[in-house]
């Protein structure tokens, strides 16, 4: 991980933590999922890496690389600065009818497009 500098934590879950990092020589921002080496790295994590690396779609976060550190497996991915949709909904409290209609249609269209692409790509 010498090529990256950690900027801040951006999330955590059952498998590990996600951090915002900057590539030192280019200044590009990435999200890195750090999973502690050991029992948490199982066939599900391996499958996620194998499947994610083959997906290339504008509505799916792009996989960049996997880095092994002495203590963690680090999955480097494209950084989506917009944040989590769930967090946007919670922080807004409520949306106006026009905003809901526009965003709902847009999000549904993007999600469906990504889902169909992923289903076709991973099946065939």
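Residue count for the stretch 64-81 under the criterion of being free of Cβ contacts under 8 Å to residues at least 12 places away in the same chain and closer than 15 Å to residue 7 by Cβ: the result is 0.
Residues that are modelled with pLDDT under 70 number at least 1 in the following helices (runs of 4 or more DSSP H) confined to the stretch 41-124: 85-92, 97-123. Across the stretch 2-40, the qualifying residues are those that are modelled with pLDDT under 85 and under 18 Å from residue 70 (Cα atoms), and the one among them that is surrounded by the fewest Cβ atoms within 10 Å (Cβ to Cβ) is 39. The set of residues from the stretch 11-29 being in a strand (DSSP E or B) and within 17 Å of residue 72 (Cα to Cα) comprises 11, 12, 16, 17, 18, 19, 20, 21.
The values are calculated or read from the model by the stated rules, or taken from the named source; none is laboratory data. Here the structure is a predicted model, which means the values were calculated and not measured. Every residue, glycine among them, receives a Cβ derived from its backbone with ideal geometry; neighbour counts consider all protein chains shown.
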